[in-house]
Amino acid sequence: MEDILFDPDTCQERSTDSTYRYRWDLQGLASRPLTFEARARNDVRIGLSAEDRDLDYMYEIVIGGDGDTRSFIRRDVGPRLVEVATPGILSGTEFRGFWIDWSSDGTISVGKRNEHTPFMQWTDPHPLPVLYVGYTTGYGSSGSFKFSC
């Protein structure tokens with residue numbers, strides 16, 4: 001895997017309330033890898049979609065789900081396809097950095113800032129196109145995001 005460099009240049013800052021509702025208002029960020037910082041108690045969620053809206057066929061990456069204890073990848077808002085224990089990966093008081101990479105062969109990788117090895121990875125045998133990135137929090141957690149260009 002190539003090195004993932006964390007770009008400290010923030011080009012888009014966003015915030016969310018505690019409602020689980022994707023926002024698709026990011027411009028020009030569907031290039032890979034996606035690097036960002038998030039501040040939330042739990043449930044940082046990134047959607048990867050072919051359109052700038054929720055679709056039945058899209059990917060969802062959840063960081064700090066289940067009360068900031070687990071992270072997972074889902075397709076089509078279905079079952080968890082890969083799941084890892086990540087207790088305390090998020091913070092409600094400080095920003096934490098992450099990267100998400102995806103490839104045409106269907107591999108989705110998720111890692112922490114300054115770590116080149118992903119902490120979570122899954123390969124879709126029937127890859128979906130990724131043209132747009134959405135974000136949300138939910139389940140009692142609001143959040144702040146800083147997306148790098």
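Using θ = phi - 60° in the Karplus curve 6.51 cos²θ - 1.76 cosθ + 1.60, the 3J(HN,Hα) couplings for region 89-99 round to 5, 10, 9, x, 10, 9, 6, 10, x, 9, 9 Hz; x is entered for Gly and Pro.
Express in whole angstrom the spacing between the alpha-carbon centres of region 125-149 and region 47-102. Comparing the Cα centres of region 125-149 and region 47-102, I get a distance of 8 Å. Computed on region 23-149, with alpha-carbon pairs under 8 angstrom and 6+ residues apart, the relative contact order is 36 percent.
Extending 7 Å from Cα along the Cβ direction at THR19 and again at ASP66 yields two label points whose distance is 2.8 nm. When the surface is traced with a 1.4 Å probe over the full set of protein chains, THR86 keeps roughly 10 Å² accessible. Entry note, the chain: the mean residue ellipticity at 222 nm calculated from DSSP H runs of n ≥ 4, each adding -39500 (n - 2.57), is -500 deg cm²/dmol after division by the residues and rounding to the nearest 500. Taking a ≥ b ≥ c as the square roots of the eigenvalues of the Cα gyration tensor, the chain is classed as rounded, since a/c falls below 1.5. Only protein heavy atoms count here; under a 1.4 Å probe, GLU13 has an accessible surface of about 120 Å².
If you take the beta carbon distance between GLU94 and ASP56 as r and set R0 to 25 Å, what does 1/(1 + (r/R0)^6) give as a FRET efficiency, to the nearest 0.05? Rounded to the nearest 0.05, the efficiency is 0.10.
The values are calculated or read from the model by the stated rules, or taken from the named source; none is laboratory data. Model, not experiment: these values are computed from the prediction. FYI the Cβ positions are ideal-geometry reconstructions off the backbone, even for glycines, and counts take in every protein chain you see. Heads up: the accessible areas ignore ligands, DNA and RNA and are worked out on the full protein's heavy atoms, side chains in. Shrake-Rupley method; radii C 1.70, N 1.55, O 1.52, S 1.80 Å.
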